[in-house]
Amino acid sequence: MNDIKSFTLEELKKEMERLGEKPFRAGQIYQWMHQKLARGFQEMTSLSAALREKLEEEYTFTALKPVRVQESSIDGTRKYLFELGDGRLVESVWMKYHHGNSLCISSQVGCRMGCAFCASTIDGLERSLEPSEMLDQVYAVTLLTGERISNVVVMGIGEPLDNYQNLLRFIALLTDEKGLHISQRNITVSTCGLVREMRMLADERLQITLALSLHAPTDEKRRKLMPVANRYSIEELMEACGYYFEKTGRRLTFEYSLVKGLNDGKEDADILAGLVKNLNCHVNLIPVNPVRERNFVQPDTKNVTAFKNNLEKYGINVTIRREMGRDIDGACGQLRRRQRALQ
């Protein structure tokens, strides 16, 4: 059956024509799904009962089911575990900032990238999410919190660029003026460094922010952390980043997880500065999240601050990520793994 929430408005008009319905019905259905955030066809009360029955026969309607919610007692961050239509699980994290509410969503069930510090990838990739399943994380959390989400970060479970076409459709639907109409500039997409797809994304000329998970300044060290480094060198990555800025004019973000004794030394900072100093970019330092299945340790605060100061000496724009939800399995994939262990 066709997934109705993944259709564009134009596609929905063609579907209504196929069903022998008037084209304006498409606009009504689209509004119910993407503005009123209906959880099923039966909520669409401006449609006849006969049309609602017909829609239920013809289409699947994605409405994620919250399975667990954890709320941080420190900062109010909420982590949601959602069940998909096939019973699989994904995570979303809602964070409240002074500038608005931000939601980090998943793009896949599991991940095949194999990054050493990430819990999401331990059991491999089960499947990619449909555009509707990415969208409905935003819709469900909006309804659950009763608050508008102003920023969406595709940085949860999965590698977004490994689900490329569905990601593009998700962005188009989320930013559509007939939907929630979230600005492209308020969307961030993270990647571990799929160079071909980074260049493809640059050619789309979207106004989203691209965040590259770099995590090491040399190929040798990066290969210890990220299998993708065996496919693409840092030189290729930097060229793709330059291409992205050239095509979009958007400043890039480099995510750098600091692991004690591995990538947190002065020499690491010096090499990193040399890599990024000629790019319009921002470096986000992340003291590595503890993951039960891994033995990586955070550097102490003194070392993290020294690393930041070293980068700033080269004129690099750098921040230390504010830790959110540390007391509620903050690292991506941990809540999902815990729930699966209970089943």
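In table form, for the structure just shown:
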read-out	value
Filter pass, Ser73 being more than 17 Å from the chain's Cα centre (by Cα), more than 24 Å from Asn2 (Cβ to Cβ) and among the polar types (S, T, N, Q)	yes
Top-ranked residue of region 188-210 - restricted to ones that are surrounded by 21 or more Cβ atoms within 10 Å (Cβ to Cβ) and touching a residue at least 60 places away in the same chain (Cβ under 8 Å), ranked as nearest to Leu174 (Cα to Cα)	Ser190
Selection from region 39-66 of residues that are β-branched (Val, Ile, Thr) and more than 20 Å from the chain's Cα centre (by Cα)	Thr45, Thr60
Residues satisfying the stated conditions in region 131-165, i.e. among the acidic types (Asp, Glu) and over 30 Å from Leu225 (Cβ atoms)	Asp136, Glu147
Subset of region 150-167 (residues that are buried (at least 22 other Cβ atoms within 10 Å of the Cβ) and part of a loop (DSSP other than H, G, I, E, B))	Gly156, Ile157, Gly158, Glu159
Residue within region 125-140 that is within 21 Å of Arg322 (Cβ to Cβ) and in the same structural domain as Gln298 (by TED's automatic domain parsing) present	no
Single condition His98 does not satisfy, out of (1) assigned by TED's automatic domain parsing to the domain that holds Leu144; (2) modelled with pLDDT of 95 or more	(2)
Any hit, region 92-108, residues being among the hydrophobic types (A, V, I, L, M, F, W, C) and in contact with an Asp or Glu (Cβ under 6 Å, 6 or more places away or on another chain)	no
Qualifying residues in region 95-107 (those that are in a loop (DSSP other than H, G, I, E, B) and of a type outside the set (Ser, Thr, Tyr)) - the one nearest to Glu71 (Cα to Cα)	His98
Listing of helices (runs of 4 or more DSSP H) fully contained in region 179-266 that carry 1 or more residues being basic (Lys, Arg), touching a strand residue (DSSP E or B) at 6+ places or on another chain (Cβ under 8 Å) and at negative phi	none
Asp264 over 25 Å from Ala119 (Cα atoms) and free of Cβ contacts under 8 Å to residues at least 60 places away in the same chain	no
Residue list for region 251-274, restricted to those being closer than 25 Å to Glu204 by Cα and in contact with a helix residue (DSSP H, G or I) (Cβ under 7 Å, 6 or more places away or on another chain)	Leu252, Phe254
Val90 being within 18 Å of Thr175 (Cα to Cα), hydrophobic (A, V, I, L, M, F, W, C) and in contact (Cβ under 8 Å) with a residue 60 or more places away in the chain	no
Residue that is nearest to the chain's Cα centre (by Cα), among those in region 96-137 that are charged (D, E, K, R) and surrounded by fewer than 24 Cβ atoms within 10 Å (Cβ to Cβ)	Glu130
Tally, over region 168-187, of residues that are buried (at least 18 other Cβ atoms within 10 Å of the Cβ) and more than 16 Å from Thr62 (Cβ to Cβ)	5
Residue pairs meeting the criteria (Cβ under 9 Å; at least 6 apart or on separate chains; first farther than 15 Å from Gly27 by Cα, in region 43-60; second among the acidic types (Asp, Glu))	Lys54/Glu21; Glu58/Glu15; Tyr59/Asp3; Tyr59/Glu15; Thr60/Asp3
Residue in region 268-280 that is of a type in the set (S, T, N, Q) and either in a helix (DSSP H, G or I) or under 25 Å from Ile157 (Cβ atoms) (or both) present	no
Hey, Met226 crowded, with 20+ Cβ neighbours inside 10 Å, under 18 Å from Leu103 (Cα atoms) and assigned by TED's automatic domain parsing to the domain that holds Phe117 or not	no
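The values are calculated or read from the model by the stated rules, or taken from the named source; none is laboratory data. Computed from a prediction, not measured in an experiment: that's the story for all the values here. Virtual Cβ from ideal backbone geometry, glycine too; neighbours counted across all protein chains shown.
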